[in-house]
Amino acid sequence: MTNNGTNKENCKRKDALISYLWAGPSLILIALIVVFPILYTAYISFTNMNVYHWNNYEFVGLHNYVNALLVFDSGFLSALLMTIFWTLVNMVLQLVIAFVLASLLNIKKLRLRNVYKTLLIFPWAMPGYVSILLWKTGMFNSQFGLLNQFLAKLGKEPVRWLGTNTMAFISCTVVNLWLALPFMITIIDGALQSLDKSYYENALLEGATWTQRTRYITVPMIKPIIAPSVVITIFTTFKQFDVIYLLTQQVGSKTGSSLHTILTYAYENAFITNNYGYSSAVSIIIFALLILFTILGERGGKGEKA
Amino acid sequence: MRGKKKEKLLLLLVNLLFIVICFGVLVPVLYALSVSLNENNSLLSSEFSFIPRKMTLENYRAVFFDEPILLWLKNSVILAVITLGISMSCGIPAAYVFSRRQFPGRKAILRGLVLLYAFPSLLSMTALYKLLTPMGLINTKAGLVIVYTGTMAVFALWNMKGYFDTIPVEIEEAAKVDGASPMQIVTRIVLPLAKPTIAVTAMMILIYVWNEYIFAINFMMGSDTYTLAAGLNSLQATEMSGSWPVFSAASLVVSLPILIIFFALQKNMTTGLTSGGVKG
């Protein structure tokens, strides 16, 4: 009996060892290249490392965190507010537009549906940074961008599409929608197609209007199906960097707007103004926020299922 | 009768709407295409037309012969292949083990990975720079490979684990009863079944390396070490107006492989990605 027990124990231990061996290389990679730099970032965040103190930096305690969180002029808090606003605006627009377009795509007699779908998802297939750069030069450039050429034809004054904060916000939102809508349309379209049509027939018999059907049948039914994708999109929108950086903040071609999301803010402090300690503190705060959102998101997801 | 007419009119309107939207969506790309093919680039002239009056491939010739695009392509391909090799050879066994076996620490590690997945690698750029400098890895391909494999390792593990979870265990148990060794089970049964996720994960890694520009422009100095993405970035940043036709030609050349891959794998894309627990 006891012999058997130790055998089993040995077997288990051997099994675990094999598991570690197989998972080992990947976990070591992650530990060295992902986890360690994060810990090192945390370490830098307590120092005054910058371009003058690259090697002879000193510990400054929580100084960088105090600067970021308690000094409004430092810009982090306004960047955070801007990021929240940006995420909110983009998500609402994305969901509404994607829902309308996906609903229209599902009209029964629409024969060219698949052609439209293929054309609509085209932006998803383009490499993101290429699209952004094409938008920047092709559309928004103040001299030969298409938008200003069009305005010139109408006899209007050219507009500096990326020159002010408000215009830059609108332009960035347009580009972000252009990039993100294909995914959202695909997801909502898939959800709409998976719905049971018999609910609608009953509702139609009872004389429900389109708004009623949408509000009481369609939306509640697609909600759980699209929820995971929506959560992911919220995260990507919150973490958006490419659109804002490439459109307005590239080195040597800044457009004059001072629009910042938290990610472009962290980047600017690290690689443009070279304030590494401060930027690391900002990075750690962002990471903490993301962890918080992840946990809250999981809780919310579980609550919905129950 | 009237209801039918109304329905037809509505359908016509919806079709018109979609035609306008689809055209609107494609405008930035169509414009780039038109500019890249236009012989006399009368950028500032008022008589702009979408279809170039005189076609030319001069801009495409310039892309391939006047710019070091082939060198950048070579750099990108080398980086992509090495990153792919390391990520997949580490990722597949790890994903399998996390999906199939129970061992102490499994749950905790998985939870940790979810959190790591939320961390944009951009935020640890300073730390990575500081760590790679004394090792002499800045401005080398090895340095970028290290950054890319790390970033993709978490994704590869999660994405493939999610797919392995959907493969029924019974198949493997049956093989075990028949006396197959663990190695045989993996190579003969699991890997063939996991082909879709392996293909999609590999493609996502390739696309990531192909498109990554921010580490490439910060860690690589000098245009001969650039990747395609970094190179394209430098094309548009240097001589803004002068190179716009060449830049648009280069943009389309760089996008073409990705477009082909995307539309070829479109069906797999959604299944291969949505089965995983965490997505990009």
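All of the numbers you see were taken from the coordinates with simple rules; none came from a lab. In this text the structure is predicted, and so the values were computed from the model without any measurement. Because the Cβ atoms are built from the backbone with ideal geometry, glycine has one as well, and the counts that use them run over all protein chains shown.
Values as computed for the structure displayed
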| item | result |
| --- | --- |
| Charge dipole (the protein assembly as shown, unit charges on Cβ, about Cα centre) - positive-most of B:PHE155, A:GLY207, B:LEU122 | A:GLY207 |
| Spin-label pair A:TYR52/B:LEU16, simplified geometry with 7 Å Cα→Cβ offset, distance in nm | 6.6 nm |
| Most to least packed among A:276-285, B:9-18 [average Cβ atoms within 10 Å] | A:276-285, B:9-18 |
| Taking chain B and dividing mean pair separation by its residue count, relative contact order in percent (alpha carbons under 8 Å, at least six apart) | 28 percent |
| Karplus-derived 3J(HN,Hα), 6.51/-1.76/1.60, for each residue of segment A:130-140, Hz, glycine and proline x | 5, 4, 4, 5, 5, 4, 4, 7, x, 9, 8 |
| Helix runs (DSSP H) in chain B reaching 27 Å along axis by Cα, Kyte-Doolittle at least -1.0 | B:2-37, B:69-100, B:141-166, B:244-274 |
| Student exercise, segment B:76-233 dipole from Lys, Arg, Asp, Glu Cβ charges, in Debye to nearest 20 | 340 debye |
| Span-rule helices in chain A, defined as complete DSSP H runs reaching 24 Å or more along the axis (Cα) with Kyte mean at least -0.5 | A:2-30, A:76-105, A:165-193, A:219-238, A:276-305 |
| For the protein assembly as shown, size of Cβ-based charge dipole, Lys and Arg +1, Asp and Glu -1, in debye | 1760 debye |
| Cα shape, the protein assembly as shown, gyration tensor, a/c 1.5 rule | oblate |
| Expected 222 nm ellipticity per residue - DSSP helices of 4 or more, -39500 (n - 2.57), all of the protein assembly as shown, to 500 | -22500 deg cm²/dmol |
| Cα gyration tensor shape for segment A:76-259, rounded if a/c is under 1.5, else prolate or oblate | prolate |
| For segment B:62-274, average projected area of the Cα convex hull in nm² | 14.2 nm² |
